[in-house]
Amino acid sequence: MINSEPVYWLIGLVFLVFGVLIFADKTNPKRYTSGAFWSLIGASFIYGTWVAVNAVPPWTLGIVVLAIVILGSTPKLLFAGTTQTTTTEQREAGAIKYGNKLFIPALLIPLVTIAVTIAAPYLTVAGKPLLATGSATLIGLGLGAVIAVVVGLILLRPVRPVTSVYEGKRLLETIGWAAILPQMLSVLGILFTQAGVGTAVGSIMKSIVPPGVLIFAVIAYCVGMALFTILMGNAFAAFPIMTAAIGWPLLVQGFDGNPAVIFAVGMLAGFCGTLCTPMAANFNIVPAALLEMKNKYGVITAQLPTAGIILVANIAIMYFFGFPK
């Protein structure tokens, strides 16, 4: 049976390779601290496998996480060096030559992920599932990323096959610490839930939302998901809090709602908050920096109307399709 651990090892290996390249980059004045930051992240992905099965002490991983936080939160310790990759002129010429074909590798990632997720229940060996329960989506995502790289190399035929590695390093250094923000915020959501924040929010909501009125409960859940996402920067961080507070006790248990519809639409409502917050730096701030926009909040400003319309649509979808009639 295949579980998701090889995917984590692959991710860790990629970060370690980037870390080694940064260590070797003599144009980077902070190559030792920058290389250590990305190398520690890579090592934590691999070392975590043995922490999960209690084969090694977890406190060492805790020290690594603290070191990552110190390095990532100290701007003077992280710096982007010079990467030997394609020139701007070469990339522009490639864009003209290949046109929309450039999107094929990127589109393969979600397509392979969906295909593996759908096919997982039918993949068996000697009557047993080939993929471990709950790991099909992550395995599909990892497989899709590998296939996308291979297809990209075949399609674009770069002069140097390692160009994809150097481009990955360049993009990762450009994004910086914000690249791991989603993982950090997801952990923050779990910590808040363990600390009882969800229960406290649920008590407050029960005193505000009129009892027995479905539409107000749906609005409270969807708007709450959006607002908590704005505060925390990630819908995955808001999800456990709002689901513990309203989603499960009020909408599923109280109104006999369909959990699949409620939680899926709830996440989409949270993503409306993602469109509106600078806390989602990798979505809203990094692109503005990469595009050299004059207004660093320009992406958020442009997305606000769309976020509002989609949030209203999500409320309607959940209300009409998430509960028995």
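The values are calculated or read from the model by the stated rules, or taken from the named source; none is laboratory data. Quick caveat: nothing in here was measured; it's all calculated off a predicted structure. Glycine also receives a Cβ, built like all others from the backbone with ideal geometry; neighbour counts cover every protein chain displayed. Heads up: the accessible areas ignore ligands, DNA and RNA and are worked out on the full protein's heavy atoms, side chains in. Shrake-Rupley method; radii C 1.70, N 1.55, O 1.52, S 1.80 Å.
Brief remarks on what is shown
- Label-point gap, in nm, between residue 213 and residue 301 - each point 7 angstrom along Cα→Cβ: 3.7 nm
- Candidates 247, 168, 127, ranked by Gaussian network fluctuation over the chain, Cα under 10 Å, top entry: 127
- Summary value for the chain: 13 percent relative contact order, contacts being C-alpha pairs under 8 angstrom separated by 6+ residues.
- Heavy-atom accessible area order for 222, 276, largest first, 1.4 Å probe: 276, 222
- Rolling a 1.4 Å probe over the protein chains gives residue 33 an accessible area of about 40 Å².
- In the context of the full set of protein chains, residues of the chain present 57 Å² of accessible surface per residue (probe radius 1.4 Å, heavy atoms only).
- Within the chain: Cβ-based charge dipole about Cα centre, in debye rounded to nearest 20 (Lys, Arg +1; Asp, Glu -1): 460 debye
- When you work out D = kT/(6 pi eta Rh) for the chain at 4 °C and 1.567 mPa s, using the Kirkwood radius from C-alpha pairs as Rh and the Stokes-Einstein form, the result is 58 µm²/s.
- Between residue 111 and residue 93, the contour length at 0.36 nm per residue exceeds the Cα-Cα span by 3.7 nm.
- J(HN,Hα) series, region 140-146, from Karplus relation 6.51 cos²θ - 1.76 cosθ + 1.60, nearest Hz, glycine and proline x: x, 5, x, 5, x, 5, 5
- Of the whole protein surface, residue 92 contributes about 110 Å² of accessible area at a 1.4 Å probe radius.
- Solvent-accessible surface ranking, highest first, for 318, 267 at 1.4 angstrom: 267, 318
- Share of carbon and sulfur in the accessible heavy-atom surface of the chain [1.4 Å probe, %]: 74 percent
- Expected 222 nm ellipticity per residue - DSSP helices of 4 or more, -39500 (n - 2.57), all of the chain, to 500: -22000 deg cm²/dmol
- Charge-dipole axis of the chain as Lys and Arg at +1 and Asp and Glu at -1 on Cβ define it, positive-most pick from 324, 204, 9: 9
- Inter-site label distance for residue 159 and residue 65 at 7 Å from Cα along Cβ, in nm: 4.5 nm
- Extended-chain gain in nm, criterion 0.36 nm per residue less alpha-carbon gap, residue 190 and residue 103: 27.8 nm
- Backbone geometry of region 230-240 corresponds, through the Karplus equation with coefficients 6.51, -1.76 and 1.60 at θ = phi - 60°, to 3J(HN,Hα) couplings of 4, 6, 9, x, 7, 5, 5, 6, 6, 4, x Hz, x marking Gly and Pro.
- Taking Cβ atoms as reference points and 12 Å as the exclusive limit, the residues near residue 82 contribute a net charge of +2, counting Lys and Arg as +1 and Asp and Glu as -1.
- Using only alpha-carbon positions in region 1-175, the gyration tensor eigenvalues give semi-axes of 30, 28, 11 Å once each is multiplied by 5 and square-rooted (largest first).
- For residue 2, distant residues with modelled amide H under 5 Å away: 131, 132
- In Å², nearest 10: area of residue 154 left accessible to a 1.4 Å probe: 100 Å²
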